[in-house]
Every structure is written in C-alpha cells, then in structure tokens.
Amino acid sequence: MVWEGLVHAYRHHILEQGKQPLFLLLVGFIGSFLCIRFSVRMIRRGVRWWPGNITPGGLHIHHAVFGLGFLLAGGFGAFASGGAGLGLFGLLFGIGCGLVLDEFALILHLEDVYWSEQGRKSVDAVIIGILVTGLLLTGYLPLGVVPGESTRWGVLAVLSVNALFSLVALFKGKVWTGLLGIMVPGLSWVGAARLARPYSPWARWRYRRRPRRMARAVRREQRLHRRADRARTWLFDLIAGAPDKVAPHHTATRRVAERMAARMTAHLDAHEAGRLARVAARRSDRTPGHRPPHPVTAARRDLSAARRRTITAGRPRPCLHRHRPGTR
C-alpha cells in the first residue's frame, strides 16, 4: 500500500505536471553530494578497501573537474536534443551541480581549503541549492507569479523591493535569510530590518561611528548566533565531517600568516614603504659586520687609536686643533 501510494503521488505530482527532469536533477544533486562526501571521508580515514584520490602523474584531480564535465554534458544535451531525453540530461546536470558545489569553497578561495573552516562554505552552497530546487519542484513561485500571464506592475514592484531587501540582508551577513528570502517573500524583509552581524560589510560601513549599535550587534551575536552556529556546526560535522584543527605552530598556519602579512604589506603606500626601508637600513647599520664602516667613521677610529698609543708611550699629547689667533 505504501509503494502504491508513492507511485500514485509520483505520477500525479511529477509526471503529469511535467516535472520529471527537475525531479531527476534534484535526485542527481543530492545523490552526487552524498556519494562524494562519503568518498572523501573514507579517503581521509585512510580506509584500505576504498580507492583513493585520482592522481595521474602526481597531479591531484579534484572532483569539481568531473562536475564541470557533467554540467557541460547536461547543458549541451538539453539544448541540442530539443526536449528529447530531457530527464537524462537533467540527471547529469544535477550530478554536476553536486560535484561542483561540494568544492565551492576551493573555487572561491582558489586554494585547497576543503577540510578547513573556510570549506564550510561548500556545505552552505549545497544546502541552499537543494532548498531552492526543492521549492521549484513543489511548484512554489515567488508571490504566486505564473509565467505567461499578463504583466502586473504591482507584483513587479513588490518583487523589486523584495530583491532589494534580500540584497540588504546579504550585506548584513544574513546569508541564509537573504538567499531564501528571494523565494519566500517577507523573510528577507525581517533580515533587512534586524541588526547586522558585527563582522558583516554593513556593520563596517554603518556601525563604525555608532558604537552603541555595534555593541548591541556584538551582544546579539554572542547571545543568539553563537547557539545557532553551534547547532549548525554539529549538523555540518555530521553531514560533511569535522574540519581539521590546525595547531598554531603548524606549517599551514605559518603559510597562511605569511600570506596575510604579504597582503598587508602590499597595501602600504609608497611613503610608508620607504619609511620602513629606511628604518630597516638604520637597523642593519647598527649590526656589526653587516656592511663596511663609513670613511669618516674609520678616520675617527684611527685618530683615537693614535691618541691612545701616544699617551701609552709617555709622549705629550699632540694638539689636534689649529692654532687660533688670540689664544696661547
């Protein structure tokens, strides 16, 4: 009975509505993400019975490369087939989405941050993509807009305002509220009206001269968002695995620190860079044996040595100054 009900629901809500390609896209999306996460976790544990990374000639090929191949195959096939086999191409496209978005953080940072804290952005991107695809599959459209109907300028204005509020919510550091607010009107409005997170661009732009509001944002971050972040971290650790805990003296930490220092130095202006160079030159002059002494300094040193030898020998000290008129 359960299987019959599922088959009937699939035929009524998916096949008859023409949503089978989108459904297969969602299946490929979720399936590829779960499979690749299981694979990388087995590789991380060093399980012998599981195949390792693909490294032909010592080159590590990330799975985002294969995801791009699936995306191209699904996209080109959907346009070239003229509608025939659209379900298969939707499945290929969904597989590509899962593989590429699983390494979204690597593409964003242009470095291998898969098992670091920055790698959590990949899980955020995958979950948001799955939620948006699920909303489209259930037939939900923003504000009930149906394609093909006559243009309603009031609805268009509300959509524009909603998009503006979603953008404000994103600038306030509320990523989930801003992105989901595009599909669920009203959610982004709440995010735009509330205080920004203290590390967000909005806080840097608007709260720098308003210390009370910044203090309120920090208190709210400590009271509310910390709890939500702990729950989110637990869920992400369960789904995708915990990130690496890098020690402060680790070579990777030192490499990141050196890279950040280089970026900070690159932002210095010419005057500041020149001042730092002059300070470094003065410090190097004080180091013995670093560079040959100045000629004047060498002459003074020789004169002092001659004075010491003269006094030691018992001879009278020579007058080193010129005779001035009117003096004895």
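The values are calculated or read from the model by the stated rules, or taken from the named source; none is laboratory data. The structure presented is a predicted model; accordingly, all values stated were derived computationally and were not measured. As a convention, Cβ positions derive from the backbone with ideal geometry for all residues, glycine included, and neighbour counts pool all protein chains shown. Calculation scope for accessible area: heavy atoms of the full protein, side chains included, ligands and nucleic acids excluded. Shrake-Rupley method; radii C 1.70, N 1.55, O 1.52, S 1.80 Å.
Couple of notes before you dig in:
- All positions within segment 192-212 that are part of a helix (DSSP H, G or I) and either open to solvent by 80 Å² or more (accessible area, probe 1.4 Å) or modelled with pLDDT under 85 (or both): Ala193, Arg204, Trp205, Arg206, Pro211, Arg212
Listed here are the residues, each with its yes/no results for (1) within 22 Å of the chain's Cα centre (by Cα); (2) surrounded by fewer than 14 Cβ atoms within 10 Å (Cβ to Cβ); (3) farther than 17 Å from Leu24 by Cα; (4) at pLDDT 90 or above.
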site: His63; (1), (2), (3), (4): yes, no, yes, yes
site: Leu71; (1), (2), (3), (4): no, no, no, yes
site: Gly75; (1), (2), (3), (4): no, no, no, yes
site: Ser116; (1), (2), (3), (4): yes, no, yes, no
site: Thr138; (1), (2), (3), (4): no, yes, no, no
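- Segment 81-110: number of residues that are over 17 Å from Leu137 (Cβ atoms) and in contact with a helix residue (DSSP H, G or I) (Cβ under 9 Å, 6 or more places away or on another chain): 16
- Qualifying residue in segment 85-94 (condition: among the hydrophobic types (A, V, I, L, M, F, W, C) and outside any helix (DSSP H, G or I)): no
- Residue selected from segment 153-191 under the condition at pLDDT below 80 and of a type in the set (Phe, Trp, Tyr), by the criterion farthest from the chain's Cα centre (by Cα): Trp153
- Count - residues of segment 77-113 that are free of Cβ contacts under 8 Å to residues at least 12 places away in the same chain and buried (at least 16 other Cβ atoms within 10 Å of the Cβ): 1
- Per this entry, Gly57 is counted among residues that are open to solvent by 70 Å² or more (accessible area, probe 1.4 Å), small (Gly, Ala, Ser) and closer than 30 Å to Asp112 by Cα.
- Annotation for segment 4-17: no member residue is among the small types (Gly, Ala, Ser) and outside any helix (DSSP H, G or I).
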